[in-house]
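Notes for the one structure printed next.
Every read-out reported here was derived from the displayed coordinates using simple, explicitly stated rules and does not represent laboratory data. Since the model is a prediction, treat every value here as computed from it, not as a measurement. Cβ coordinates were reconstructed from backbone atoms using ideal geometry, including for glycine residues, and neighbour counts include every protein chain displayed.
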Amino acid sequence: MRCLWITRQDPRPADSGELIYTLGLLTSLAVQPGFEITVLAHEPAKPCDGGPPLTWQLHGSIPAGRLKSLSSSLPADAFRLGNPIQRAALGRLLERAWDWIVIDQAACAWALPMIPKEAKVAYIAHNHETEVRRQVAADGTGSLPMRLALNWDARKYGRMEARLCRRADLITAITPRDAAAFRGEAPGTPVCVLPPGYGGEIPAGPPREITAETPRQVVLAGAFEWLAKRRNLEAFLKAAAGPFQKAKIRFQVVGKADPEWFAALARQHPWADFTANVPSVGPYLDRARIGLIPEALGGGFKLKALDYIFRGLPLASVEAALSGVPVDPLTEAIAAPDPEVLALDVAAKIDDLAFLNHAARSALEACRDAFHWVERGATLGRALETPDAFR
């Protein structure tokens, strides 16, 4: 089966959630019998050799700047991705016959008008973008021009994703919550739930024990490049300042971020630690009692949850961010409706060692065999071969 896979950029090296998900799907699908995959994308930010046995069509880098998109019918991301270099490359590729054309992320729907009507289209969703962009636009922070631009961009994202859903012959969703939204938006279209796999080490035994000697530290690991991610962190810092300082909890934020932005946050919040762009977050996870997921804005599966769980950390999360994670939010995690309540609940549970160890053990057992990439490739392969089975 010959597939043309259109995505943002070469996902190697996979150093953010979206790239991990794309590379995981590509790698696991490429080893399925009978699949030949050609990937159209921009060149990677950091060149990296190796990866799955695919045909790579890499052309140019993603253009900077968003102002020109204001007069376009496309949202800013799609406008930049669908630049003349990519459109010319797609035009050449569409001279060939394809069994499927895969649109990986809604922003790659810039390609939709170029795709022949008879071609079969699969939409690989990383989020229900219509809802996510609406949430970010409605957040109410930022200058008036920024808020107006985000609202305009969100409306364009909604129209674009709706067109993509109507055109798609198959939709995959990363969480059950997103799948339900797509089924409502595109009744009758096959929808396949495709959570991520996990590429790190999965321990065979129980997690390490959290003891009184374990630092009273909460860790948040991740990539903080997208506006929604930055706003989530800023909102939690504001919510946690009082409860965490009163309870003498240290908050460690670590991951992919602009060092200058982290430095500014450190000046505003000296009770927390901020470390940008480390080779591995593992040592930081090992020094904590709780792994935090504060994402009130933004959908999708939180890959950091698996990093925490397989490193022996219990989860503390905004309830909506646990979609797709097989833990009981009442007994196997600290779950709260918003960052304010979450911060208070973490402060109340930080010294409940029995609960923390129970939550860590239960989450590990529930997830140990549930997140293998090879199974995701097999599921996606079945969905492409027999989409009607997923109606």
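Overview of results
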item: Filter on Lys120/Lys304; Lys156/Lys229; Lys302/Lys349; Lys248/Lys304; Lys120/Lys302 - keep pairs with C-alpha separation over 26 Å; result: Lys120/Lys304; Lys120/Lys302
item: Positive dipole terminus of the chain, leading residue within Val278, Ile293, Val136 (C-beta point charges); result: Val136
item: Ranked Val341, Val346, criterion: other C-beta atoms within 10 Å, fewest first; result: Val341, Val346
item: Lys/Arg +1, Asp/Glu -1 at C-beta; the chain dipole; positive extreme among Ala347, Ala14, Ala125; result: Ala125
item: Region 128-286 shape via C-alpha gyration tensor axes, a/c threshold 1.5; result: oblate
item: Peptide ranges 14-26, 262-274, 372-384 listed from the most packed, as the mean C-beta count within 10 angstrom indicates; result: 14-26, 372-384, 262-274
item: Placed amide H near Trp5: partners under 5 Å, 5+ positions off or other chain; result: Thr38, Val39, Leu40, Val102
item: Of the trypsin sites (Lys or Arg not before Pro) in region 46-113, those whose Cβ has at most 11 other Cβ within 10 Å and which sit in DSSP loop; result: Arg96
item: In degrees, nearest ten, helix 353-367 long axis to first principal axis of the chain (Cα); result: 20
item: Alpha carbon Rg of region 217-367, scaled by the compact-globule rule 2.2 N^0.38 Å; result: 0.94
item: Reported label for calculated Rg/Rh (Cα atoms, Kirkwood Rh) given (i) 0.99; (ii) 0.97; (iii) 1.02; result: (ii)
item: Helix 176-185 axis, angle to the chain major axis (alpha carbon atoms, nearest 10°); result: 40
item: In degrees, nearest ten, helix 84-93 long axis to first principal axis of the chain (Cα); result: 60
item: Mean ellipticity per residue at 222 nm, deg cm²/dmol - from DSSP H runs of n ≥ 4 across the chain, formula -39500 (n - 2.57); result: -12000 deg cm²/dmol
